[in-house]
Structures are given as structure tokens and as C-alpha cells.
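Visitor: Mind looking over this structure? Questions follow.
A short reminder: the numbers here are calculations on the coordinates, not readings from a lab. In this text, all values refer to a predicted model and were calculated from it rather than measured experimentally. Neighbour counts are summed over all protein chains in view; Cβ atoms, including those assigned to glycine, are modelled from backbone coordinates with ideal geometry.
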Amino acid sequence: MTITISAFEKSPDGGKGLARDTRVRWALEEVGEPYAVRLLSFAAMKEPAHLALHPFGQIPTYEEGDLVLFETGAIVLHIAQRHAGLLPDDAGARARAIAWMFAAVNTVEPPILDLVNARLFEREKPWGEARLPLVEGRVRGRLKQLSARLKDGEWLDGAFSAGDLMMASVLLRLRASGILDEFPNLAAYVARGEARPAYKRAFAAQLAINAG
Ligand SMILES: N[C@@H](CCC(=O)N[C@@H](CS)C(=O)NCC(=O)O)C(=O)O
């Protein structure tokens, strides 16, 4: 059955791989599933045809026959549950990998997004510069905890899993801030993710659309 995902026709990051279709592409590449892409303008994302697929008018969406999904955590979990390679067979290890997926989107991504918003959109506000250190502090606090858990491990819990795919995707957004490099084990962890052939294919596919 053909899988179709949606993505920006022109990503605001110009192809740095930060748009969230990249993590879905990465998951599909890891499990060897081909997919088609529907490219959307910002205006088209808010039109009824796309809102019928995504209640918040965002990308990515995932269509597979009658199934329509939104939210990258749910999409990557769906892919990981249906194909070998992204979740361990052992029930406990599988549950822990899913916990890391939730940790990525629910505990680590929110302060990172807050920082992105503070740096890009709120700096000119009267309170922008004063708030920035607070936001950066919350990011550093989270990374310190994550770094302490990872230690010198290759991945978060044994072999590479969907939990690592989501966590590395979330952390990638921090690179421009320089904060990721303050935690060498996390910077190396993200680099290991980026070195995976499946990530490279996913990155190249989105770059081909967004470069230039
Ligand atoms: N929690 C959602 C976030 C989706 C999201 O924020 N998508 C961005 C692109 S990476 C988007 O569509 N932004 C445009 C908008 O919100 O209007 C997920 O993980 O899928």
C-alpha cells in the first residue's frame, strides 16, 4: 500500500532537515518502506483539504490506505510497530524505547521549542533579552539530565530504536544555538544518528526539495 507523507513545499530552514517530515522520512528509510510526498504551501496547509487530514493544519501527515495520521510521535510509532528495525522484540525493552519516544516529544522538545521561539521571534519584545537566559537555563537543565543518563552509551537503551530516532531529531534543532556542543556525549549521540545511512537518505530527500 502506498504511503504518502506531507511536507513543506519550501521549508523555512532551507533544507537543514529541521522540518518534522525529516523524522518520518528517517523512520521510513530505517525500515525500508518507500513513500510518496505531497508538498504544501503554508496557505494550502490551512485549507479544508489538509485540515481534514491534520486538525492543526501542520505537516507532516501520513496516509496509508484509509489510515490518516498526524503527530510525528504517533507516525513514527506506527511505522516502528509495523516493521522490524525500530523497536526491540523484548517486551520490556520495547516499552522503554516507546517511553524514550514520549520523553523526546513531551519532555525534551518543549523547552527546545521555547528557546527557538525566544531566539527567533521574541528577542525584540521588551522582555525578550531578559527572558532568554531563563529559557536557555531550562534547556541546559534538561540536557544535563539526559547527558547524565546517556553517559558514554551509544544509544539511550541498548540498540538504536525509535526512541533514539525521535530524541536525536529533537536535539538536532539545538545545534545552531551552540548549547548542544556544551554536552559532548549528546553532540556525539546526535552525530551518530546523522551518520546512519537511513538518516542520510532522509536528509538528502528533503534537501533536494528545499535547497536553493
Ligand atoms: N507536534 C507536531 C508538530 C508539528 C509541527 O509543528 N509542524 C510544523 C513544521 S515542522 C508546522 O507545520 N508548522 C507550520 C504551522 O504550524 O503552521 C508533530 O510532532 O508532528
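Visitor: Packing-wise, with mean Cβ within 10 Å as the measure, how do 120-129, 96-105 rank, highest first? Don't skip to the answer; put the middle values down first.
Guide: Details: 120-129: 10.4, 96-105: 19.9.
With the highest mean Cβ count within 10 Å placed first, the list reads 96-105, 120-129.
Visitor: Right, another one. Spelling out what I want: for every residue of the stretch 195-200, take phi, set θ = phi - 60°, compute 6.51 cos²θ - 1.76 cosθ + 1.60 (Karplus), and round to whole Hz; glycine and proline get x.
Guide: Couplings: 7, 5, x, 5, 5, 4 Hz.
Visitor: Counting only residues 5 or more places away or on other chains, whose amide H sits under 5 Å from the amide H of VAL37 once H atoms are built in the peptide plane?
Guide: Long-range HN contacts for VAL37: ILE5.
Visitor: For a protection proxy built on the mean count of beta-carbon atoms within 10 angstrom, sort 48-54, 5-11 highest first, please. Let's see the in-between values first.
Guide: Details: 48-54: 13.6, 5-11: 19.9.
Taking the mean over residues of other Cβ atoms within 10 Å, the ranking is 5-11, 48-54.
Visitor: Another question about this same structure. Quick one: work out Rg over Rh on the C-alpha atoms of the stretch 54-120, Rh as Kirkwood radius. Before the final figure, lay out the partial values.
Guide: Details: Rg = 14.4 Å, Rh = 13.7 Å.
With Rh from the inverse mean 1/r over Cα pairs, Rg/Rh is 1.05.
Visitor: Equivalent-ellipsoid semi-axes (√(5λ), Cα gyration tensor) for the stretch 90-212, whole Å, largest first? Before the final figure, lay out the partial values.
Guide: On the way: eigenvalues 138, 75, 32 Å².
Values for the stretch 90-212, descending: 26, 19, 13 Å.
Visitor: Can you tell me the FRET efficiency between ALA159 and LEU67 if r is taken as the Cβ-Cβ distance and R0 is 30 Å, rounded to the nearest 0.05? If you can, show how the numbers build up before the last one.
Guide: Working: r = 28 Å, r/R0 = 0.92.
It comes to 0.60.
Visitor: What share of all Cα pairs of the chain, in percent, falls into each consecutive 10 Å distance bin?
Guide: So the P(r) values, bin by bin, are 8, 33, 37, 19, 3, 0.
Visitor: Students often check this: by mean Cβ neighbours within 10 Å, which of 192-202, 34-44, 166-176, 76-86 ranks highest, and how do the rest follow? Please list the in-between numbers first.
Guide: Working: 192-202: 16.2, 34-44: 14.0, 166-176: 22.0, 76-86: 18.5.
Per-residue mean Cβ counts within 10 Å order the peptides as 166-176, 76-86, 192-202, 34-44.
Visitor: Taking only DSSP H segments of four or more residues, each worth -39500 (n - 2.57), what value at 222 nm results for the chain once the sum is divided by all its residues, to the nearest 500 deg cm²/dmol?
Guide: The helix-only estimate for the chain comes to -16500 deg cm²/dmol at 222 nm.
Visitor: Taking Cα centroids, how far is the stretch 179-212 from the stretch 11-66 in Å?
Guide: That distance is 18 Å.
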